[in-house]
Amino acid sequence: MIDQLSFDDLKNKFNENKNFKIGTYVVAGLLAAIILYFSYRQFIWGPANEKSNDGWWVALNYISKDSTDQAIRVLEPFVKNNDGKTGGEIGQFLLGKQYMKKGKFVAALNMLEGVDLNDTYVSTMSLGLQADCHSQLKHYDQALELYLAAADKEENEFTTPMYLFKAGLHAEKLNKKEDALSYYQRIKDDFPNYASTKTIERYIARCSTK
């Protein structure tokens with residue numbers, strides 16, 4: 001219908017019809033917002049996000065040398081300035097690990113809980129490290145819950161049995177022997193290589209004892 005109207009017809013309708021005028025403003029506003037959003041993502045946020053990936057390599061160099069204090073000094077301002085960007089999220093993960101090395105488990109939790117990345121490995125490890133922090137703080141219930149979440153985040157031969165084993169140990173701390181037994185048995189059945197390195201039969205026997 002609109003495509004059959006001339007420019008003058010549209011102009012007159014705009015001037016005379018209040019609802020049409022309001023609708024036009026709304027549509028124009030939405031279009032402008034969409035254009036601005038995609039322009040920002042492409043020309044401003046995109047390059048800034050890519051650039052943020054360059055920053056944490058400096059800290060990683062210190063981490064590789066066990067220079068924890070220097071790594072923290074680099075990461076703290078970097079994380080603050082790159083919040084929400086991919087590099088900033090990786091920086092948060094690294095900073096959380098460095099706080100753990102210093103025994104600052106509450107600060108580490110604050111960092112690790114905020115990590116938001118699509119990378120499954122980092123997300124899994126972040127859950128596991130949060131569990132480690134809660135364990136150090138003697139929050140064994142929270143630790144157990146997070147170890148199980150980390151184990152099931154994406155099943156594989158490395159992280160799944162490792163976190164199932166930790167879940168078993170914490171279930172034992174909480175006197176949940178049947179739960180612990182089920183975690184150890186799953187390791188034995190599904191991850192025989194890991195089971196042999198941890199002599200998992202010993203833990204199964206311990207939990208099977210009445």
Test: residue in segment 45-59 that is surrounded by 15 or more Cβ atoms within 10 Å (Cβ to Cβ), among the aliphatic types (A, V, I, L, M) and at pLDDT 85 or above: no
Residue that is nearest to Ile187 (Cα to Cα) [pool: residues in segment 153-171 that are within 16 Å of the chain's Cα centre (by Cα) and assigned to a helix (DSSP H, G or I)]: Thr159
Some residue of segment 136-154 being closer than 24 Å to Lys101 by Cβ and at pLDDT below 95: yes
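The values are calculated or read from the model by the stated rules, or taken from the named source; none is laboratory data. Everything numeric in this text was worked out from a predicted model, so none of it was measured. Here the Cβ is made from the backbone with ideal geometry for all residues, glycine too, and neighbour counts use every protein chain on show.
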